[in-house]
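Asker: Quick one: the structure is below, questions incoming.
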Amino acid sequence: MIGKNTLETKPIPAAKVKEILEEFSEKHELSYEQNLTLDHATNLNKLSLEDTEKLIEELEAYVEYKQAVRIADVLPRDMADLRLVFAKERNAPSQDEMKEILEILEKYDAEDDLFL
């Protein structure tokens, strides 16, 4: 990695990682680490990329982009799980905002039958 600098970092949802690796695998052979990452993203990803992007947009009304991505990847079911997402954050949303976030997540749960 000599001579290479990181210019920008931005979190991306697991659905996007899955899409990137699937496109890359069509033209190139994936390394061991890339295969593990693709398997992880495939097995744990519950929403399509379009639904994930819509969810992140809705969540950004209550939290920062980075936190919205984390919530979209984890998809917490209840208040205890949602609190864990913000355990080390200094700017955690209020109790009312967390309830709103859970209502948004329930909407995606009902639409996609995520947890069956």
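The values are calculated or read from the model by the stated rules, or taken from the named source; none is laboratory data. Since the model is a prediction, treat every value here as computed from it, not as a measurement. A quick note on method: Cβ atoms are made from the backbone with ideal geometry, for glycine too, and the neighbour counts reach across all protein chains shown.
Asker: Please tell me if A80 is hydrophobic (A, V, I, L, M, F, W, C) and either exposed (fewer than 14 other Cβ atoms within 10 Å of the Cβ) or touching a strand residue (DSSP E or B) at 6+ places or on another chain (Cβ under 9 Å) (or both).
Answerer: Answer is yes for this residue.
A quick yes/no check of all residues on (1) among the hydrophobic types (A, V, I, L, M, F, W, C); (2) within 30 Å of E97 (Cβ to Cβ); (3) in the same structural domain as F86 (by TED's automatic domain parsing):
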position	(1), (2), (3)
E26	no, no, no
D39	no, no, no
I56	yes, yes, yes
L59	yes, yes, yes
Y62	no, yes, yes
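Asker: Filter region 65-96 down to residues that are part of a helix (DSSP H, G or I) and not hydroxyl-bearing (S, T, Y), then give me how many there are.
Answerer: Residues flagged as part of a helix (DSSP H, G or I) and not hydroxyl-bearing (S, T, Y) within region 65-96 amount to 18.
Asker: Would you be able to say whether some residue in region 99-116 is part of a loop (DSSP other than H, G, I, E, B), buried (at least 19 other Cβ atoms within 10 Å of the Cβ) and touching a residue at least 60 places away in the same chain (Cβ under 8 Å)?
Answerer: no
Asker: Here's another thing I want to ask about it. Within region 34-47, does at least one residue satisfy the condition of being at positive phi and in contact (Cβ under 8 Å) with a residue 24 or more places away in the chain?
Answerer: The answer is no, given that none of the residues of region 34-47 is at positive phi and in contact (Cβ under 8 Å) with a residue 24 or more places away in the chain.
Asker: Write out, first by first residue and then by second, each pair whose Cβ atoms fall under 6 Å of each other, whose residues are 6+ apart or on separate chains, and whose first residue, in region 49-70, is touching a residue at least 24 places away in the same chain (Cβ under 8 Å) while the second is of a type in the set (S, T, Y) and assigned to a loop (DSSP other than H, G, I, E, B).
Answerer: Every condition considered, no pair remains.
Asker: Take the residues of region 89-106 that are at pLDDT below 90 and out of contact with any Phe, Trp or Tyr (no Cβ under 9 Å at 6 or more places or on another chain): which is nearest to V63 (Cα to Cα)?
Answerer: Per the stated criteria, the residue is N91.
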